[in-house]
Every structure is written in structure tokens, then in C-alpha cells.
Amino acid sequence: MTSPLFSHLLIPFIIAMFLVMKMVGSGTVPAFSAAYGANVVKKNLIPGLFGIMVF
């Protein structure tokens, strides 16, 4: 059984995570593409850095 507090906070948390990914993606993706194009950041490092930026 889940607690009532958990069930009331689950949906807002999921919505908040979706919005965070949308907001971070709109500004971070162009920044990473510019950094990758200028050979500042390696291609295999970008997913890890992007994941850190989301959280």
C-alpha cells in the first residue's frame, strides 16, 4: 500500500520532471551542439553532462 501523501505527490512530481526536461532541453541542447561543433566537449561526454543538467 502506498501512503496518501505519496499518491498525492506522484502526479505533480511526474509533471514537474517533464517540464524540467522540456525547459532544460530548449536551452541546453543548442549550447551542447555549439560546444560539440567547436570541439570543446567530446561526443561521448554530452549525454552524461546533459543528465546532470536535468537534475
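The values are calculated or read from the model by the stated rules, or taken from the named source; none is laboratory data. Note that the structure is predicted; figures quoted are calculated from it, not measured. So basically every Cβ, Gly included, is an ideal-geometry build from the backbone, and we count neighbours across all protein chains shown.
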_Residues located in segment 22-55, provided they are under 10 Å from the mean Cα position of the chain (by Cα), among the hydrophobic types (A, V, I, L, M, F, W, C), part of a helix (DSSP H, G or I) and surrounded by fewer than 12 Cβ atoms within 10 Å (Cβ to Cβ)_ = MET23, ILE52
_Suppose the filter is at pLDDT below 80 and in a loop (DSSP other than H, G, I, E, B); does MET1 pass it?_
yes
*Every residue from segment 10-34 that is aromatic (Phe, Trp, Tyr) and within 22 Å of GLY48 (Cβ to Cβ)*: PHE18, PHE32
